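Here is the structure we will look at, set down as structure tokens.
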Amino acid sequence: MHGGVAISCPHGGRVVSTAAAGTGVRIDGMPAVTAADLFTVSGCPHSVGGHRQPCTTVRWTPSGGGDEVRIDGVPVLLDTSAAMCFSAGLVPQGPPVVAPGRQGVASR
């Protein structure tokens with residue numbers, strides 16, 4: 001995945017990554033995202049019992065096993081990587097939705 005890929009929480013909130021601009025690896029001209037990047041959610045309308053409990057962050061789990069693609073030793077996140085959205089109180093809210101799209105890899 002890259003820093004410009006469209007990701008949303010399961011309730012429609014927008015997910016934005018802090019994809020490291022320092023890596024030389026680009027996908028469709030955007031920095032590749034890794035397990036070290038932070039992902040924040042804005043605009044999530046989720047509520048439970050009439051109380052707002054919006055998604056605020058996304059945590060990704062790389063495939064593991066030591067065979068994943070890495071940039072500077074950090075696993076690259078794929079559109080198939082496992083992830084979970086969380087509220088500010090770290091309550092699991094469901095998996096994010098990654099928009100399908102064309103992705104090409106280049107390096108500088």
Scan around residue 77 for amide H atoms under 5 Å from its own, H built in the peptide plane at 1.01 Å from N, and keep only partners 5 or more places away or cross-chain. 33, 34, 35
Could you work out the local net charge near residue 82, counting Lys and Arg as +1, Asp and Glu as -1, over the other residues with Cβ closer than 13 Å to its Cβ? -1
If you roll a 1.4 Å probe over region 33-84 with all protein chains in place, what percent of the accessible area is carbon or sulfur? 55
Difference of contour (0.36 nm per residue) and Cα-Cα distance, residue 82 to residue 42: 12.4 nm
With eigenvalues of the C-alpha gyration tensor scaled by 5 and rooted, region 39-83, Å: 31, 10, 7
Just to confirm a number: summing +1 for Lys and Arg and -1 for Asp and Glu over residues other than residue 34 whose beta-carbon lies under 12 angstrom from that of residue 34, what do you get? -2
Checked against the structure, the computed mean projected area of the Cα convex hull in nm² among (i) 6.6; (ii) 8.7; (iii) 6.9 is the one labelled (iii)
Just the accessible area per residue of the chain, please: how many Å² with a 1.4 Å probe? 56
Each residue of region 73-88 in turn: what ³J(HN,Hα) in whole Hz from Karplus with 6.51, -1.76, 1.60 and θ = phi - 60°, glycine and Pro shown as x? x, 9, x, 7, 8, 9, 5, 9, 5, 5, 8, 9, 8, 10, 7, 4
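The values are calculated or read from the model by the stated rules, or taken from the named source; none is laboratory data. Everything numeric in this text was worked out from a predicted model, so none of it was measured. With ideal geometry, Cβ positions are generated from the backbone for all residues, glycine too; neighbour counts draw on all protein chains shown. Just so you know, the surface numbers come from the protein's heavy atoms only, side chains and all, with ligands and any DNA or RNA stripped out. Shrake-Rupley method; radii C 1.70, N 1.55, O 1.52, S 1.80 Å.
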